[in-house]
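The values are calculated or read from the model by the stated rules, or taken from the named source; none is laboratory data. Remember, predicted model here, so these are calculated numbers, not experimental data. Cβ atoms come from the backbone with ideal geometry, glycine included; neighbour counts cover every protein chain shown.
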Amino acid sequence: MKFCLAFYLLLALHCLLGQMSVKADTPPIDSVKKQIKQLVTTKKYAQAGDSYERLGWLYHHQFGYNKYTMDAYFNSLKYYSLAGDSVGYYTQHIKIGDYYTHDYFMQASAEKYLRKALQFFERSQNQPKVIECRLGLANIDQKKVPLPKNLLTELRETERMSAQYRQPYFQAFAQNLLANTYSRVKMPDSAQYFATRSLAIAQRINVNWLIALNHFYLGIVEQFKDHPKAALEAYRKSYQLAKAEKNVAMLRELAKHSADSYSRMGDYKQAYQASLQSMGFADQFYLSEQTKSIRLQELDSQIKTLAVERELVEQQSRHQRILNTTLAIILIISVLGVMSLFFLRRQQKLITHQQSVIAQQQIRQLELKSLRAMIEGQEGERSRIARDLHDGLGIQLSRIKLFVEAHQERLPLSVKDPLNQFLDEACTETRLISNDLRPYALSTFGLITALDDLVQKLNLVNQTELTLEHYGELPDLGDEASAMIYRVIQELLNNALKHANAQAITVQIMANDETLLISVDDDGQGGDFPDGPAKGNGVANIRSRIDYLGGQVMWQSEPGRGTSVMISIPMQKLVKPTATVA
């Protein structure tokens with residue numbers, strides 16, 4: 001049985017909820033927002049961090065897995081940092097890491113945040129937080145194939161630490177992890193032992209999600225022992241709690257395992273219904289706008305972090321060069337003999353390095369100029385051909401059609417009807433080719449209208465369903481930027497229609513003051529996209545145009561699970577410059 005995916009998705013809740021129980025007097029979201037605004041105004045940053053943490057929990061309790069919770073946690077991280085509260089700051093690392101474990105594509109980011117928190121709490125010897133970090137990392141290790149060899153040893157040690165420091169919540173959670181691990185290594189008796197112990201503690205401290213998870217694992221044990229009716233009863237108990245917690249991931253796994261139990265009992269109708277329900281829950285989570293938004297949010301955060309790190313490295317390099325030059329001067333003054341020669345040789349190396357840097361910058365500028373000339377040439381040639389088709393061939397075809405219509409009484413019926421049909425088709429084909437070379441809607445109404453027109457036309461001639469969605473106010477873009485973005489999306493849609501065998505393709509455009517985010521997702525056959533330059537002129541054109549605009553493009557794809565292309569472009573590269581008034 002495949003327990004791994006269910007396990008890491010469900011257990012991601014442990015640090016999100018922490019030891020926090022649902023209280024009847026929890027303040028509503030609007031009230032917490034007002035409180036945060038007042039705390040920020042009075043510069044009470046530590047309390048603002050606490051309030052943002054509570055706001056994130058409220059969003060999760062109301063909406064399930066969503067980007068609003070992530071926004072709240074990142075704001076909490078920010079204000080704990082401003083307040084100098086290291087414990088609160090790294091506690092938010094744990095929450096963010098655990099929250100990312102909901103999504104398969106975010107496991108690497110989740111592990112990064114948890115390891116940072118673990119390093120800090122080990123240095124500060126905060127043992128309860130160390131236990132929490134160890135459990136979060138063990139939660140991620142559950143999905144690895146094969147399982148890490150030392151996983152069971154680590155979990156037994158973590159359970160011992162939880163008992164030593166009187167942390168019943170973490171002890172129950174460690175036992176739950178042990179139950180799942182023993183299930184994966186085909187040891188049902190050990191799995192049942194730890195699941196039963198974990199269930200007893202969870203019921204005593206009233207942690208519903210952990211109670212539901214233990215019932216789920218007890219059901220798996222019964223299924224392993226070929227007791228499908230007992231397994232279904234355990235799944236039913238778990239389902240009621242998971243539904244109350246709005247845990248879509250757990251509901252999906254319960255439906256999948258229930259289908260297996262019904263199948264073993266010979267009730268194939270119920271098995272089929274449960275399988276459909278499982279697939280519905282899977283689509284509800286993985287294809288939701290909230291899940292995609294969280295991925296794009298983390299991608300944008302990583303891009304910004306890399307830019308900041310690169311700037312810091314360059315600044316450190318400048319400081320190092322200044323320091324080296326100063327030391328060289330001091331050595332020259334102190335030792336006029338041999339050190340003079342050393343200084344001259346060092347200066348020569350610096351000059352050579354600077355010349356190399358300047359040469360690289362010049363090469364980059366020439367590459368950008370060449371790229372711009374190529375793109376301008378392409379667009380200019382498209383416009384010229386479109387203009388010639390419209391003003392030349394199009395007008396000639398129209399004149400021929402008018403002439404034929406004026407003298408159609410002289411033509412026999414067997415010639416007149418086919419001739420009119422051929423002329424209509426030629427005029428239509430000329431207009432389509434002209435519009436494809438230089439879309440009229442792009443230059444007249446802007447990017448969004450042009451893309452909407454493109455999607456509608458493609459829907460008319462393809463069985464694949466194409467959808468365009470846009471969020472945020474898109475400012476006026478320069479003609480060059482609009483044309484490049486239009487060509488990139490057009491190329492991505494053409495590639496998906498030709499190669500993906502998809503049922504649906506979705507284009508999303510999200511704009512804010514700093515960044516334009518674009519995603520093109522399909523549910524087709526998928527494939528492998530390496531980090532290096534992809535083969536083919538189409539993909540190369542996409543990369544070159546996005547590089548020219550100063551943006552980043554990333555492909556995420558797996559065989560049988562579709563392809564997602566995410567693009568991030570800084571808005572300053574796109575906005576049309578405003579004319580200054582003298």
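Among residues of the stretch 109-120 that are more than 13 Å from A138 (Cα to Cα), those with a Cβ under 6 angstrom from a residue that is not aromatic (F, W, Y), sequence gap 6+ or separate chain, pair up as S109/E298; Y113/H93; Y113/I96; Y113/G97; K116/H93; A117/H93; A117/I94; A117/C133.
Conditions (1) farther than 20 Å from A195 by Cβ; (2) part of a helix (DSSP H, G or I); (3) more than 28 Å from the chain's Cα centre (by Cα); (4) not assigned by TED's automatic domain parsing to the domain that holds H102, marked per residue:
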site	(1), (2), (3), (4)
K229	no, yes, yes, yes
Y235	no, yes, yes, yes
K243	yes, yes, no, yes
E253	no, yes, no, yes
H257	no, yes, yes, yes
S263	yes, yes, yes, yes
A271	yes, yes, yes, yes
L276	yes, yes, no, yes
F281	yes, yes, no, yes
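Only residues that are closer than 22 Å to P128 by Cβ and either assigned by TED's automatic domain parsing to the domain that holds A249 or charged (D, E, K, R) (or both) were counted across the stretch 49-106, and they come to 6.
Is it the case that some residue within the stretch 174-184 is modelled with pLDDT under 95 and in contact with a His (Cβ under 8 Å, 6 or more places away or on another chain)? Among the residues of the stretch 174-184, not one is modelled with pLDDT under 95 and in contact with a His (Cβ under 8 Å, 6 or more places away or on another chain), which makes the answer no.
Among the criteria (1) more than 35 Å from the chain's Cα centre (by Cα); (2) touching a residue at least 24 places away in the same chain (Cβ under 8 Å); (3) within 22 Å of Y239 (Cα to Cα); (4) surrounded by 17 or more Cβ atoms within 10 Å (Cβ to Cβ), the one I205 does not fulfil is (4). Among the residues of the stretch 466-488, those identified as assigned to a strand (DSSP E or B) and loosely packed, with under 13 Cβ neighbours inside 10 Å are T467, E469. Identification of helices (runs of 4 or more DSSP H) wholly contained in the stretch 150-219 with 2 or more residues that are of a type outside the set (K, R) and within 22 Å of N247 (Cβ to Cβ) yields 168-184, 188-205. If I filter the stretch 413-472 down to residues being modelled with pLDDT of 80 or more and among the charged types (D, E, K, R), which single residue comes out as farthest from K498 (Cα to Cα)? Here the answer is E469. Screening the candidates V565, V539 for the property of being of a type in the set (A, V, I, L, M) and at pLDDT 90 or above yields one hit, V565. Quick one: is K143 outside any helix (DSSP H, G or I), surrounded by fewer than 21 Cβ atoms within 10 Å (Cβ to Cβ) and without any contact (Cβ under 8 Å) to a residue 12 or more places away in the chain? So K143 does not fit the description; no. Against the condition surrounded by fewer than 18 Cβ atoms within 10 Å (Cβ to Cβ) and touching a helix residue (DSSP H, G or I) at 6+ places or on another chain (Cβ under 9 Å), how does S76 come out, does it pass? No: the conditions fail for S76. For the stretch 334-343, a residue qualifies if it is in a helix (DSSP H, G or I), surrounded by 11 or more Cβ atoms within 10 Å (Cβ to Cβ) and hydrophobic (A, V, I, L, M, F, W, C), and the qualifying residues are M339, F342, F343. In summary, helices (runs of 4 or more DSSP H) completely within the stretch 12-68 and bearing 3 or more residues that are at pLDDT 75 or above and closer than 23 Å to L114 by Cα occur at 45-63. Please work out if D528 is modelled with pLDDT of 85 or more, more than 20 Å from L549 (Cα to Cα) and either in contact with a Lys or Arg (Cβ under 7 Å, 6 or more places away or on another chain) or of a type outside the set (S, T, N, Q) (or both). No, not satisfied. Considering the conditions (1) closer than 25 Å to M250 by Cα; (2) touching a helix residue (DSSP H, G or I) at 6+ places or on another chain (Cβ under 7 Å); (3) not assigned by TED's automatic domain parsing to the domain that holds Y52, Y165 is excluded by exactly one of them, (1).
Might you check whether a residue that is assigned to a helix (DSSP H, G or I), over 30 Å from K37 (Cβ atoms), within 16 Å of the chain's Cα centre (by Cα) and of a type in the set (D, E, K, R) occurs anywhere in the stretch 98-108? No, the stretch 98-108 has no match at all.
Tallying residues that are without any contact (Cβ under 8 Å) to a residue 24 or more places away in the chain and over 30 Å from N66 (Cβ atoms) within the stretch 209-262 yields 4. Within the stretch 221-229, does at least one residue satisfy the condition of being more than 30 Å from P146 (Cα to Cα) and either touching an Asp or Glu at 6+ places or on another chain (Cβ under 6 Å) or at pLDDT 90 or above (or both)? Yes.
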